[in-house]
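Have a look at the structure below, then the notes.
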Amino acid sequence: MSRVTKLAPVEGAYNISKDLPNRENFDWTIITKHFSWTHTQKINMAYECVDRHVEEGFGDKVALHYIDDNLESQLTYSQLKDETDQWAKVLKKHGVTKGDFVFVFLPKHPSCHIAMLAAIKLGAIVGPLFEAFMEDAVRDRIQDCEGTFLITNKEFLPRIPRKDLPSLSTIFITDEATEDDTISISEEVKQIENLESVIEWVDFNHGLNIHYTSGSTGKPKGIIHTHRAMIQQYVTGRWVLDLKETDVYWCTAHPGWVTGTVYGVFSPLLNRATIVIHGGRFQAEKWFETIEKAKISVWYSAPTAFRMLMSKSDQVIEKYDLSALRHVLSVGEPLNPEVIYWGLEKLQLRIHDTWWMTETGAQLIVNLPTDTIKPGSMGKPLPFIKVEILDDQGFPVTQGQIGHLAIKASWPSLMREVWKNEEKYQSYFPFGKQWYVSGDLALRDEEGYVYFQGRSDDMINSSGERIGPFEVESKLIEHRAVAEAAVIGKPDAIRGEIVKAFIVLNPGFQENSNLLEEIRLFVRSQLSAHAAPREIEVIEELPKTKISGKILRRELKALESKRSSSAPVY
Ligand code: PRX
């Protein structure tokens, strides 16, 4: 396969070419006209995602298509409306009202979508939690915003540290029988008789969802988005995902991550797509099988998953009929050109990189299906977005130089606030309100294509999942053998980065493989599998600044990059 530097768009009827936005004089009213609230002034994300389509005569269209190893089931838009109404009624009966935090801790399954939408129907702020979170991760999030309600299942219940969560008054479970003092939603819906709609209308700035996200310092921060985000989440689904009436769409992320919520729930439902939900862990063969079985046409995933699929032999991929696929996209970490060339060769499709963050609420830098792709670049800003590369003083750098990737504020899906942390919110605007500064380093070429160059802080990105070193270090030093810890991202050919910990042992402890494995499992079992260090190295002393004694993670990272035999991916 020749290594071309530009991949021309494939001829076709794309949504964006029909809508034809003028990149220079873009006007948001082009998009807002799509929504029913332009005429009714009644706003609610869940209504636009579900009820509206039923009222417009599309109730029989499949909304959710679930597939796992043993089961396959479908839910139409009409059924999704009924289910979300009924669940909302149960939640309401037990006290959920506008503005409450409702956490949802469920696996990749339609019940997770239903729970989220039911809470949103009532105007609650939904907090989806990643299914692999262990006690500490669950506790930190619910404690931070004093969450009152949680929807989970029996299997996940032991991971809820209830004694540490006095604010948590009510736990709903999706299973039939209750456990302790939980409320079974599936039992209670049987008693619901009143079938009137329960939708609470809200204003644009009303809280919609909270996603906790890591930075390089402190515990994860709660990023709050509003119902206004639907404007951008709808239009990016239309222009970037290019969703059409006949598409079957699969976003591989769990709703606990922002991609799984925005592009796994909101955006495709706003576009009235059929969503595939695949239950279970990543397994290359199962993923190919899912694409074949559900006839997936639009697929949104992440570089690590693509690299894992790439590592399978040709015989594996050739067993499957992937011919329904027509549009493939990637997010979350640098998409290395090798992956794009693999896509061209094996899928006969371009893989379209997209860039955004939890805080931005929707895609901002993208490869539109109508644009030429330059492998190695994340693409260009959306028509209504202005990107600048700034120096340390907040001035634009000369073209081709590396600087801080900044976006001109504001846009509809930008976060409303960082929960109870105004200082953190302000830190995204170090040069004044005009520029949102992402924390990513990037450069831009003469045609406006943006190239990711790393982070300006110590945040770790492993398999597209954002991990704060502080959270892992804090957990490590809770182990009796660990005196001090520093955690960095070590370059890795498959996962982009892996979590690597450098530790200093307490007196009396000797380094040995059993002890290191015990420490690793300690983090894994209490925090989460994705944050547990894949490598632990014992050292005598951590590098620190002379004056303040702050750990110099950068030095450890430089050391590791030098040693690393695997080529960095960017
Ligand atoms: O460093 C960038 C990286 O992921 C960070 C945002 O992480 P999170 O809030 O978890 O959201 C991930 C999915 C929206 C960014 O600051 N990142 C995201 N997309 C890309 C990327 N790095 C390189 N290329 C991308 N396309």
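Every number here is computed from the coordinates shown, using simple stated rules; none is lab data. What you see is a predicted model, and the numbers here were worked out from it, not measured in a lab. With ideal geometry, Cβ positions are generated from the backbone for all residues, glycine too; neighbour counts draw on all protein chains shown.
Remarks
- Taking all Cα pairs closer than 8 Å and separated by 6 or more residues, the relative contact order of the stretch 459-562 comes to 26 percent.
- All other residues whose Cβ lies under 13 angstrom from that of I199 are scored, Lys and Arg at +1 and Asp and Glu at -1, for a net of +1.
- For peptides 279-286, 134-141, sequence by mean Cβ density within 10 Å, most packed first: 134-141, 279-286
- Considering the stretch 459-562 at the alpha-carbon level, its Rg and Dmax are found to be 13.0, 38 Å.
- Among beta bridges from DSSP that stay inside the chain, the antiparallel ones total about 60%.
- Total charge dipole magnitude, the stretch 1-145, about the Cα centre, Cβ charges on Lys, Arg, Asp, Glu only, Debye to nearest 20: 380
- Charge dipole of the chain about the Cα centre (unit charges at C-beta), most positive-ward option of T398, Q363, Q86: T398
- Whether the stretch 249-386 is rounded, prolate or oblate, judged on the alpha carbon gyration tensor where a/c under 1.5 counts as rounded: oblate
- Ordering Y451, Y212 from the fewest to the most neighbouring beta carbons within 10 Å gives Y451, Y212.
- Scoring 109-115, 552-558 by mean Cβ neighbours within 10 Å over their residues and listing the highest first yields 109-115, 552-558.
- Cross-link pairs K18/K386; K380/K408; K219/K490; K42/K89; K42/K108; K490/K550 - those with Cα-Cα distance over 24 Å: K42/K108
- Length-normalised contact order of the stretch 149-283 in % [C-alpha pairs under 8 Å, at least 6 apart]: 14
- Inter-label distance for F395 and E517, nm, one decimal - labels placed 7 Å from Cα along Cα-to-Cβ: 5.8
- For the stretch 32-106, the equivalent ellipsoid derived from the Cα gyration tensor has semi-axes of 23, 21, 11 Å, listed largest first.
- Across q = 0.12, 0.17 Å⁻¹, the stretch 317-388 modelled as identical point scatterers on its alpha-carbon atoms has Debye log10 I(q)/I(0) values of -0.35, -0.66, in the order of the q list.
- A viscosity of 1.306 mPa s and a temperature of 10 °C, combined with the Kirkwood radius over C-alpha pairs in the Stokes-Einstein formula, give the chain a diffusion coefficient of 65 µm²/s.
- In the stretch 459-562, the DSSP beta bridges split such that about 80 percent are antiparallel, to the nearest 5.
- Mean ellipticity per residue at 222 nm, deg cm²/dmol - from DSSP H runs of n ≥ 4 across the chain, formula -39500 (n - 2.57): -7000 deg cm²/dmol
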